[in-house]
Amino acid sequence: MNSVGEACTDLKREYDQCFNRWFAEKFLKGDRSGDPCTETFRKYQRCVQKAIKEKDIPIDGVEFMGPNKDKPES
Amino acid sequence: MVKYFCCGGLLKSNWDQVCVAFWQRYPNPYSNHVLTEDIIFREVTPTNCLISRRLLTKTSRAPRWMERYLPKHMASSAYIIEDSIVDPQKRTMTTLTWNISHARLMSVEERCEYQINPDNSSWTQIKREAWISSNIYGLSRAIQEFGLARFKTSVTKTMKGFEYVLAKMQGETPSRTLAETATERARETALAAKEKAKDLASQAHKKQYV
């Protein structure tokens, strides 16, 4: 998959590879020995957050899982 | 006024595999409308849950009768956010997905819970809920009907996409017939939905001139 920032796609793929391995082999198995992907994540985030600002994508102001509070069921 | 929808789903793979597939579901043959995918926030909480925020851009596929109500400058892509919590202790994953563009025209929020199937611990059950609303005066009902019909089509594609990715992960060759059948069914559902929504829209239009 491509990143929303065209220049970030390679960094995204590098991070995804690292994350997918850590997620399956460590995180889900209860291994809390630490995240080997922090550096590649940081590089990727620097790029993608810049692209998001440049494209004016309105990601700010919504808290995590925010919209689903007080939802009616009918 | 909000339209509420709830359904259950079943994936015949275990919860761990489903969670791994969740992060690798794009691209798949059913996701041609998904253009980009980015993790824009991620953290492991003090209670060892993984919380993430994913930004997706999708093609904005409004039918022609709806397009007239979109301001000319509005982006031709739609932006969607998906928040998720993976709890490896409880073996649950909760996701919340909603659009951050075109929201006044139509807002769709979907909440899913992925858990181990109580009858078969090597399967995963999904509880899916959606809330669909529109704020366009005079057309909200037509838009909500369209939104609901399209959401149901999306669910079919989502599940087919998941099954495809899971089959690939497990070293099986995914069946092409399945893919073709799903596309055909999706097309038929979309066509029926289009007709219904068009009817509602023209009814709403007629009312304005009474």
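The values are calculated or read from the model by the stated rules, or taken from the named source; none is laboratory data. Computed from a predicted structure; not experimentally measured. Counting neighbours? That spans all protein chains shown, and the Cβs are built from the backbone with ideal geometry, glycine included. Quick note on the areas: whole protein, heavy atoms, side chains included, nothing else; ligands and nucleic acids left out. Shrake-Rupley method; radii C 1.70, N 1.55, O 1.52, S 1.80 Å.
Observations, loosely collected:
Residue-by-condition table, conditions (1) of a type outside the set (A, V, I, L, M, F, W, C); (2) closer than 25 Å to residue A:23 by Cα; (3) surrounded by fewer than 16 Cβ atoms within 10 Å (Cβ to Cβ):
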position: B:60; (1), (2), (3): yes, no, no
position: B:119; (1), (2), (3): yes, no, yes
position: B:132; (1), (2), (3): no, no, no
position: B:153; (1), (2), (3): yes, no, no
position: B:167; (1), (2), (3): no, yes, no
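- Residues (surrounded by fewer than 19 Cβ atoms within 10 Å (Cβ to Cβ) and free of Cβ contacts under 8 Å to residues at least 40 places away in the same chain) located in the range B:62-79: B:64, B:67, B:68, B:70, B:71, B:72, B:73, B:74, B:75, B:76
- Residues of the range A:47-54 include at least one that is closer than 30 Å to residue B:2 by Cβ and either at the interface with chain B (Cβ under 10 Å from one of its Cβ atoms) or out of contact with any Gly (no Cβ under 7 Å at 6 or more places or on another chain) (or both).
- Residues (over 29 Å from residue A:8 (Cβ atoms), of a type in the set (A, V, I, L, M) and either crowded, with 17+ Cβ neighbours inside 10 Å or at the interface with chain A (Cβ under 7 Å from one of its Cβ atoms) (or both)) located in the range B:1-49: B:2, B:11
- Only a single criterion out of (1) facing chain B (nearest Cβ under 10 Å); (2) open to solvent by 60 Å² or more (accessible area, probe 1.4 Å); (3) closer than 19 Å to residue B:24 by Cα is not satisfied by residue A:23, namely (2).
- Residue among A:29, A:43 that is surrounded by 12 or more Cβ atoms within 10 Å (Cβ to Cβ), at pLDDT 90 or above and of a type in the set (Lys, Arg): A:43
Yes/no matrix, rows are residues, columns are (1) closer than 17 Å to residue B:148 by Cα; (2) open to solvent by less than 50 Å² (accessible area, probe 1.4 Å); (3) modelled with pLDDT of 95 or more; (4) among the basic types (Lys, Arg):
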residue	(1), (2), (3), (4)
B:88	no, yes, yes, no
B:97	yes, yes, yes, no
B:104	yes, no, no, yes
B:112	yes, yes, yes, no
B:123	no, no, yes, no
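- In the range A:1-12, the residues that are of a type outside the set (A, V, I, L, M, F, W, C) and either surrounded by 15 or more Cβ atoms within 10 Å (Cβ to Cβ) or at the interface with chain B (Cβ under 10 Å from one of its Cβ atoms) (or both): A:2, A:3, A:5, A:6, A:9, A:12
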